[in-house]
Every structure is written in structure tokens, then in C-alpha cells.
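Colleague: Quick one: the structure is below, questions incoming.
The values are calculated or read from the model by the stated rules, or taken from the named source; none is laboratory data. Given the structure is predicted, the values throughout are model-derived calculations rather than measurements. Glycine also receives a Cβ, built like all others from the backbone with ideal geometry; neighbour counts cover every protein chain displayed. These area figures cover heavy atoms from the full protein model, side chains too; ligands, DNA and RNA do not enter into them. Shrake-Rupley method; radii C 1.70, N 1.55, O 1.52, S 1.80 Å.
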Amino acid sequence: DLRLSPQLLEGLQSSGFISPSPVQMQGIPLGRLGVDLVAQAKSGTGKTIVFCVVALELVLAMGQESGKVSALILAPTRDIAAQTQAVLERLAAGFDLRPSVGLFIGGTSVREDERVIREQMPCIAVGTPGRVDDLICRGVLDVSALKLLVLDEADRLLDGTFGGSVPAI
């Protein structure tokens with residue numbers, strides 16, 4: 001009923017998702033339309049799947065513009081960012097042309113991030129505010145073609161804890 005691509009349906013099914021939760025039924029269609037969306041639901045209800053599906057469908061629809069990030073997902077912690085990247089990778093496993101997903105978090109090598117951006121040219125970037133802000137400000141991460149911005153746990157990202165490091169995109 002959500003009219004998802006066959007490749008993404010395959011990724012969802014192989015990940016154990018058979019039928020969507022209420023937040024997914026409401027959020028996925030709105031997100032695919034490009035509507036600004038705030039999804040608030042209990043932990044474990046599938047909010048991450050909502051924005052991962054929307055990001056992957058966006059990349060499929062647009063194609064992978066070389067060197068340009070189409071979707072940026074910011075998370076408040078390294079663990080949450082890494083989990084989101086893993087979900088995106090699992091869901092995209094059945095894609096003919098697998099989209100590149102870059103993970104950019106503090107506590108890792110900046111040079112490695114630069115290499116990933118240069119060589120893999122990710123169309124989806126997932127990261128923590130400080131590292132992503134640094135890469136954007138230094139002109140390493142090109143977000144000029146950005147179509148989707150996700151603030152995972154937006155309440156935490158915008159509560160002032162990050163000292164203004166949430167990129168002003």
C-alpha cells in the first residue's frame with residue numbers, strides 16, 4: 001500500500017519487516033511527498049525506518065548525482081548515527097546500484113572521512129553535528145544538492161547541548 005520500490009520492499013522483507021507500524025504508515029507517504037514532518041512515537045515503533053525509507057526512495061528517484069549528498073541524517077550520538085547507517089545498508093542490500101552511505105562521527109579519523117567523501121561520493125550522509133559541521137564548513141562535504149534533512153532525536157539536537165554545531169543548512 002505504500003507503493004515502495006521493489007528493491008526497497010525486498011530490503012524491508014529481508015530485514016524482517018512485514019507490515020508497517022502506525023508511525024510508518026503515516027510518516028512514509030508524507031515524507032516521500034517532501035512534507036516537513038515531525039514524527040513522535042515511543043521507542044521501538046519504527047521511526048528510523050520512516051526516514052531511512054524516505055531517504056532511499058529519494059535516492060532511487062533522483063539517481064546518484066556524482067559527489068553530491070541528497071540526504072543528510074544528523075544524530076545526537078555516534079552510536080545512533082552508526083545504527084542508522086547500518087539500517088540504511090541493510091535496507092539497500094537488494095538495490096541494483098547500491099547507494100553509498102557515509103558515516104561521519106567524532107572520535108574517528110577526519111582523513112578517513114575525507115577519503116570516503118572523495119572516493120565513495122556518498123549520496124546519503126549520516127553523522128553527528130560536530131563532525132558534519134566541520135566537513136561542511138571546510139568545503140569537504142558538498143550539501144548543495146541536499147533534498148532531505150533529518151534531525152534524529154531533534155529535541156536533543158536543538159536543546160543547546162551541541163553549542164551551535166548543528167549545521168545551519
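Colleague: Can you name the residue in the stretch 101-115 that is buried (at least 18 other Cβ atoms within 10 Å of the Cβ) and of a type in the set (A, V, I, L, M, F, W, C) and is also farthest from residue 160 (Cα to Cα) among such residues? Talk me through it step by step, then tell me what you get.
Modeller: Restricting attention to the stretch 101-115, the residues satisfying the condition of being buried (at least 18 other Cβ atoms within 10 Å of the Cβ) are 101-105, 113.
Right, trim to of a type in the set (A, V, I, L, M, F, W, C) and you get 101, 103-105.
Working: 101: 28, 103: 23, 104: 21, 105: 19 Å.
Of everything passing the filter in the stretch 101-115, 101 is farthest from residue 160 (Cα to Cα).
Colleague: Could you list, in sequence order, all residues of the stretch 30-39 that are surrounded by 15 or more Cβ atoms within 10 Å (Cβ to Cβ), touching a Leu at 6+ places or on another chain (Cβ under 7 Å) and over 20 Å from residue 99 (Cβ atoms)?
Modeller: Initially, the stretch 30-39 is screened for residues surrounded by 15 or more Cβ atoms within 10 Å (Cβ to Cβ), giving 31-32, 37, 39.
Next cut, touching a Leu at 6+ places or on another chain (Cβ under 7 Å) only: 31, 37.
Across the stretch 30-39, the qualifying residue is only 37.
Colleague: Right, here's the next one. Out of 103, 56, 72, report the one residue that is in contact with a Ser or Thr (Cβ under 9 Å, 6 or more places away or on another chain) and assigned to a strand (DSSP E or B).
Modeller: Details: 56 fails: assigned to a strand (DSSP E or B); 72 fails: in contact with a Ser or Thr (Cβ under 9 Å, 6 or more places away or on another chain).
Among 103, 56, 72, only 103 is in contact with a Ser or Thr (Cβ under 9 Å, 6 or more places away or on another chain) and assigned to a strand (DSSP E or B).
Colleague: Applying the selection to the stretch 1-26, what residues are of a type in the set (Gly, Ala, Ser) and either surrounded by fewer than 17 Cβ atoms within 10 Å (Cβ to Cβ) or farther than 14 Å from residue 56 by Cα (or both)?
Modeller: 5, 14, 15, 16, 19, 21
Colleague: In addition: How many residues does the stretch 17-53 hold that are assigned to a helix (DSSP H, G or I) and of a type in the set (A, V, I, L, M, F, W, C)?
Modeller: Of the stretch 17-53, the ones assigned to a helix (DSSP H, G or I) are 22-33, 47-53.
Okay, now just the ones that are also of a type in the set (A, V, I, L, M, F, W, C), so 23, 25, 28, 30, 33, 49-53.
Number satisfying all stated conditions: 10.
Colleague: For residues that are among the hydrophobic types (A, V, I, L, M, F, W, C), open to solvent by 20 Å² or more (accessible area, probe 1.4 Å) and in a loop (DSSP other than H, G, I, E, B), scanning just the stretch 85-100, find the one that is nearest to residue 151 (Cα to Cα).
Modeller: 93
Colleague: Separate question: For the stretch 106-153, enumerate the residues that are in contact with a Ser or Thr (Cβ under 6 Å, 6 or more places away or on another chain), closer than 16 Å to residue 75 by Cβ and not in a loop (DSSP other than H, G, I, E, B).
Modeller: Answer for the stretch 106-153, where residues must be in contact with a Ser or Thr (Cβ under 6 Å, 6 or more places away or on another chain), closer than 16 Å to residue 75 by Cβ and not in a loop (DSSP other than H, G, I, E, B): 126, 129, 130, 133.
Colleague: Go through the stretch 40-79 and report how many residues are touching a residue at least 12 places away in the same chain (Cβ under 8 Å) and either polar (S, T, N, Q) or surrounded by 19 or more Cβ atoms within 10 Å (Cβ to Cβ) (or both). If you could, list the steps in order and put the result at the bottom.
Modeller: Filtering the stretch 40-79 down to residues touching a residue at least 12 places away in the same chain (Cβ under 8 Å) leaves 41, 45-60, 62, 64-78.
Within this subset, residues satisfying the condition of being either polar (S, T, N, Q) or surrounded by 19 or more Cβ atoms within 10 Å (Cβ to Cβ) (or both) are 45-59, 64, 66, 69-77.
Of the residues in the stretch 40-79, 26 are touching a residue at least 12 places away in the same chain (Cβ under 8 Å) and either polar (S, T, N, Q) or surrounded by 19 or more Cβ atoms within 10 Å (Cβ to Cβ) (or both).
Colleague: Has the stretch 116-123 got at least one residue that is more than 13 Å from the chain's Cα centre (by Cα), over 24 Å from residue 138 (Cα atoms) and open to solvent by 50 Å² or more (accessible area, probe 1.4 Å)?
Modeller: Initially, the stretch 116-123 is screened for residues more than 13 Å from the chain's Cα centre (by Cα), giving 116-121.
Now narrow it down to the ones that are over 24 Å from residue 138 (Cα atoms): none.
No - not one qualifying residue is present in the stretch 116-123.
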